[in-house]
Amino acid sequence: MTKARQQAWIKKSSVAVLLSTSLLIGQGGYVAAASATPSQVVQLANDLVGTPYQSQSNAPTAFDSAGYVAYVFDKLGVDVANSISGLYSSGVTVEKDAIQPGDVLFFNSSSGAPLNYVGIYTGNNRFVYASRSKGEVIVKDYSSVADHLAGARRYINDNVQQPDQNDNVQQPDQNEKPNQDTDHSSDSEYSAKVASYAKAELGKPYQSGANGPNGFDSAGYVSYVLGKAGVQSDDSISSLYQMGQAVSSNQLQPGDVLFFNSSSGSSLNYTGIYVGDDKFLYASRSRGQVVEQQFSDVAEHFAGARRITAEDSVQPPANETPDDGSVTEPDKPSEEPQQPQQPEEPDTALADKIIATGERFMGTPYKFGAEYPDSGRFDCSSFTQYVYGLNGIKLPRDSRQQSTVGKQISKSELRKGDLVFFRTYGSSSNRITHVAIYAGNDQLLHTYGSPGVTYSKFSGTSWEDRVVMTRRVLPE
């Protein structure tokens, strides 16, 4: 290890201490933290999507493809080389039919040619890498470049999706007096089962109104996972909130269902499954997939938790009233109903509908000049035209024509439903070549290249650097 990399390693020592209970020396001399997991690799890899590309860089603010891979593993306590050849000559070789999330993929332009770039497989036929041509870290369909795969390597000792060792789901010590309520082995086995099923869906795409198996919204994800564990439930947040036993935040165990809202007293926004070690998984609309989240990072928005088992299974009523998303506080059935929420401003409600409509097409392939009804594909402007059109807003077909609709606003005024227009990467011209929907939470909803319809981080990325104009096309 060079002196510079030794210094970088010292700076990251707090991460290494947290992640490593023991160290393994792997093939090629890399050092792997025994407790690093595939889900941690996938989570960090996805978190960096949108970071700018920069040749020969492995800094947090920019990467080349090898620097990106090295940074992800170094942050998780796994010391690897920061060159493609160094990465390729270490680790454990993985056959093409055995690739799992967290494995590293190497590509070349043709058989026998030098390796061109490297990325991290994140499951669901996708991998993430720092793309020179796109100018940033992107998500790409593996199948679209599988013919150019030169090999795969594994740098962590266990790539099997299963409950983490720190998830407190082991059988109780036989010399310990078990707690009457929670330490029975059957309860522990059930918790482990739910946590395992939850982790198996990590990286699956977010899809509004979906409950699996190929996509989920947050309630659909929880309902699907509970269903695999033998629990019959409705796939609405309010119904899940009424099931099972209430659990306080200091009594959480793997398998518990967590609920969050945006502010005290507001309707519940999303739900997820606690998997231990201060982590939970949920289907994230803003990030476009099932992700892992630190509970402590969002604890201020915690609205409650429920421990739901097969004994709590419910049959949905024959004539169910459509769910309006509102719930009462847990364990307080005698309280008066909450006061109705103030209606949203018309433009906010319409913006939410537009975002939800766009999310229905997540993963739909990109093709320049494509019209969706005819081809099942979009280009950037046919996507915005189609999505807004389904919500009663007529837009011209071309992105440059769309940039004349509505009123121009500043970047600091952006809100959900606004359109953002871009120039070509590397161009000094302000000629508009791309359009995206601003979806709030620093996210763009748009389509391009191999990801198709996807979310991209906005601020601090090449997307922000390329903005030509921002416009508001929704009525105010």
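Go through the stretch 129-163 and count every residue that is within 14 Å of Pro101 (Cβ to Cβ), at pLDDT 85 or above, of a type in the set (A, V, I, L, M, F, W, C) and buried (at least 23 other Cβ atoms within 10 Å of the Cβ).
Matching residues across the stretch 129-163 total 1.
If we keep just the residues of the stretch 24-39 that are at pLDDT 80 or above and not in a loop (DSSP other than H, G, I, E, B), which is surrounded by the most Cβ atoms within 10 Å (Cβ to Cβ)? Step through it out loud before you land on a result.
Kept after step one, since they are at pLDDT 80 or above, are these residues of the stretch 24-39: 37-39.
Still in the list and also not in a loop (DSSP other than H, G, I, E, B): 38-39.
Values: Pro38: 25, Ser39: 21.
If we take residues in the stretch 24-39 being at pLDDT 80 or above and not in a loop (DSSP other than H, G, I, E, B), then Pro38 is surrounded by the most Cβ atoms within 10 Å (Cβ to Cβ).
Do you know which residues across the stretch 70-100 are over 23 Å from Gln43 (Cβ atoms), touching a helix residue (DSSP H, G or I) at 6+ places or on another chain (Cβ under 6 Å) and not in a helix (DSSP H, G or I)?
The answer is Ser83, Ser89.
Output the qualifying pairs, or none if there are none: Cβ atoms under 7 angstrom, residues six or more apart or on different chains, first residue in the stretch 290-304 and over 18 Å from Val42 (Cβ atoms), second residue assigned to a loop (DSSP other than H, G, I, E, B).
Cβ pairs passing all conditions: Phe295/Asp278; Ser296/Asp278; His301/Ser262; Gly304/Pro330.
Exactly one condition in (1) outside any loop (DSSP other than H, G, I, E, B); (2) within 24 Å of Ser144 (Cα to Cα); (3) in contact with a helix residue (DSSP H, G or I) (Cβ under 8 Å, 6 or more places away or on another chain); (4) touching a residue at least 40 places away in the same chain (Cβ under 8 Å) is not met by Ser382; state its number.
The one condition Ser382 does not meet is (4).
Run down Gly91, Gly119, Gly67 and say which single residue is modelled with pLDDT under 90 and either outside the structural domain of Thr424 (by TED's automatic domain parsing) or of a type outside the set (Phe, Trp, Tyr) (or both).
Going through Gly91, Gly119, Gly67 in turn, the sole match is Gly91.
Do you know which residues across the stretch 188-215 are among the charged types (D, E, K, R) and free of Cβ contacts under 8 Å to residues at least 40 places away in the same chain?
Glu189
Taking the criterion of being surrounded by fewer than 18 Cβ atoms within 10 Å (Cβ to Cβ), within 19 Å of Tyr53 (Cα to Cα), hydroxyl-bearing (Ser, Thr, Tyr) and out of contact with any helix residue (DSSP H, G or I) (no Cβ under 9 Å at 6 or more places or on another chain), would at least one residue in the stretch 443-461 satisfy it?
yes
Is there a residue being assigned to a helix (DSSP H, G or I) and surrounded by fewer than 20 Cβ atoms within 10 Å (Cβ to Cβ) anywhere in the stretch 390-408? Even if it seems obvious, please write down each step before you answer.
At the first step, the residues of the stretch 390-408 found to be assigned to a helix (DSSP H, G or I) are 399-402.
If we keep only those that are surrounded by fewer than 20 Cβ atoms within 10 Å (Cβ to Cβ) too, we end up with 400-401.
Yes - at least one qualifying residue is present in the stretch 390-408.
Between Val387, Val435, which is among the aliphatic types (A, V, I, L, M), closer than 27 Å to Asn125 by Cα and part of a helix (DSSP H, G or I)? Walk me through it before giving the result.
Values: Val435 fails: part of a helix (DSSP H, G or I).
Of the residues listed, the single one that is among the aliphatic types (A, V, I, L, M), closer than 27 Å to Asn125 by Cα and part of a helix (DSSP H, G or I) is Val387.
Across the stretch 205-235, what is the total count of residues that are part of a loop (DSSP other than H, G, I, E, B), in contact with a Pro (Cβ under 8 Å, 6 or more places away or on another chain) and buried (at least 21 other Cβ atoms within 10 Å of the Cβ)?
Residues flagged as part of a loop (DSSP other than H, G, I, E, B), in contact with a Pro (Cβ under 8 Å, 6 or more places away or on another chain) and buried (at least 21 other Cβ atoms within 10 Å of the Cβ) within the stretch 205-235 amount to 1.
Quick check, is Val169 closer than 20 Å to Gly452 by Cα and either modelled with pLDDT under 75 or not acidic (Asp, Glu) (or both)?
Here the answer is no, as Val169 does not meet what is asked.
Of these, Tyr372, Tyr366, Tyr388, Tyr425, which one is aromatic (Phe, Trp, Tyr), at pLDDT 90 or above and either farther than 17 Å from Arg471 by Cα or in contact with a Leu (Cβ under 9 Å, 6 or more places away or on another chain) (or both)?
Tyr388
Pick out the one residue from Val42, Val80, Val49 that is crowded, with 19+ Cβ neighbours inside 10 Å and more than 24 Å from Ala200 (Cα to Cα).
Val80
Take the residues in the stretch 277-327 that are assigned to a loop (DSSP other than H, G, I, E, B) and among the polar types (S, T, N, Q); name whichever of them is modelled with the highest pLDDT.
Restricting to residues being assigned to a loop (DSSP other than H, G, I, E, B) and among the polar types (S, T, N, Q), the top hit is Ser286.
The values are calculated or read from the model by the stated rules, or taken from the named source; none is laboratory data. As the structure is a prediction and not an experimental result, all values here were calculated from the model. Here Cβ is always computed from backbone atoms with ideal geometry, including for glycine, and neighbour counts include all displayed protein chains.
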